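Student: The structure that follows is given in the form of structure tokens.
Every number in this text was worked out from the coordinates using simple rules, so none of it is lab data. Worth saying up front: this structure is predicted, and the values here are computed from it rather than measured. Note that each Cβ is placed from the backbone with ideal geometry, even for glycine, and that neighbours are counted across all protein chains shown.
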Amino acid sequence: MLSGHVLGDYSKIIRAIESIKKKARFDDELYATYELVASTFGFYGYDAFTIRQGARVWGITDTDHLLFKDWLNGFKHIWLVLNKTSKADQWLFGKLDRHYKPIVKEKFRFEDKFINIIIDKPFKLAKDLYARGVPTAWVCGRKKDAHRLKQKLIEEGICAEVAEEERKEQIEDKLLNGTQIILYLNSRVSKGIDLPLISVVFVYNYAFAVPDDNAVRAMRDELEQVILRCSPIDENDPSRRYIIWCQRIGKKRSSGRSKQEQDFIGSWLNERAEEGMIPKNYKVEKLFKSNWLPLVNISDLPIYIYHIAH
């Protein structure tokens, strides 16, 4: 294991912040700059581990200190847009010693536009969508999974591309030309580009390395942010968005689910059952045989569609 600290002057970070202040609006080309700024307010070092494929580096956040505190307090207004599960507001405003008023939206305004579906043969459905020219995206947890999936889709006769460095316009052109786009979690595109053109999102897998005791929650939050990238632009958009979860039957009787996943889903189901929100005839065991995860903003239970025919 290697460890180290970021030392020296912060002039590059200050210049990055100043470049954002001068920009009239967010720009996809400056996403790396935004990410730099966001990750340096509390970042102080790293740990690096050697693994079989190369190395893995974790950025370390010093939660006891906030960098650029005086500079941040120079702003009259600071807005944070967060997931319901995030506690970043308490940390940031607590460190700045500033009072703030949270504005909570209990219901995601486009929730009724999304439909959760579990399917046992996703590639058959993907081929049908490809033949019809339906704008479609796939989500994977890791970059290497995305490239493996691309080869699988090509073998199925589907034109597919992994979106990594492309701009929004380039991705939309590919979607309009029939290409199915593959996104992987924590990539620049998955975090920084909205793609309301997409009608169908396949969740192929969502696992990625998380230095956290609550890994499933972290994966769920990252996955949901990618799915919400295809939210409608306005209330007048009549088209539905379909989230396709894949049936996942593992070699073991546990259906390939980790214990942490099973506990996470079981806890969510118990809470909904206590609220009377699980239909009596709903077969919850099928949820454990898929890769479905309960999302925060899209809370409807999935419907099941099996044996898609050509």
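Student: Could you tell me the ratio Rg/Rh of segment 111-305? Both radii from Cα atoms, Rh via Kirkwood.
Tutor: Taking Rg over the Kirkwood Rh, I get 0.95.
Student: How high is the relative contact order of segment 111-305, in percent, with contacts defined as C-alpha pairs under 8 Å that are six or more residues apart?
Tutor: 30
Student: Still on this structure, I have one more. Residue 267 to residue 121: FRET efficiency via 1/(1 + (r/R0)^6), r the Cβ-Cβ distance, R0 35 Å, to the nearest 0.05?
Tutor: 0.70
Student: Can you give the FRET efficiency for residue 131 and residue 225, using 1/(1 + (r/R0)^6), R0 = 22 Å, r = Cβ-Cβ distance, to the nearest 0.05?
Tutor: It comes out at approximately 0.15.
Student: For a label point 7 angstrom out from the Cα of residue 152 toward its Cβ, which stretches of segment 270-306 have the backbone nitrogen within less than 15 Å?
Tutor: Output list for this probe position: 290-292.
Student: Okay, moving on. Going by average Cβ density within 10 Å per residue, which order do the peptides 120-126, 156-162 take, highest to lowest?
Tutor: Highest to lowest by the protection proxy: 120-126, 156-162.
Student: If neighbour count is taken as other Cβ atoms inside 10 Å, put 138, 245 in order from fewest to most.
Tutor: 245, 138
Student: Of the listed pairs 69/101; 87/286; 121/143, which have alpha-carbon separations greater than 25 Å here?
Tutor: Listed pairs above 25 Å: 87/286.
Student: Give me the one-decimal nm value for the distance between modelled label points at residue 305 and residue 103, 7 Å along each residue's Cα-to-Cβ direction.
Tutor: Result: 3.7 nm between the two label points.
Student: Please report the orientation-averaged projected area of segment 95-222, defined via the convex hull of its C-alpha atoms, in nm².
Tutor: 10.7
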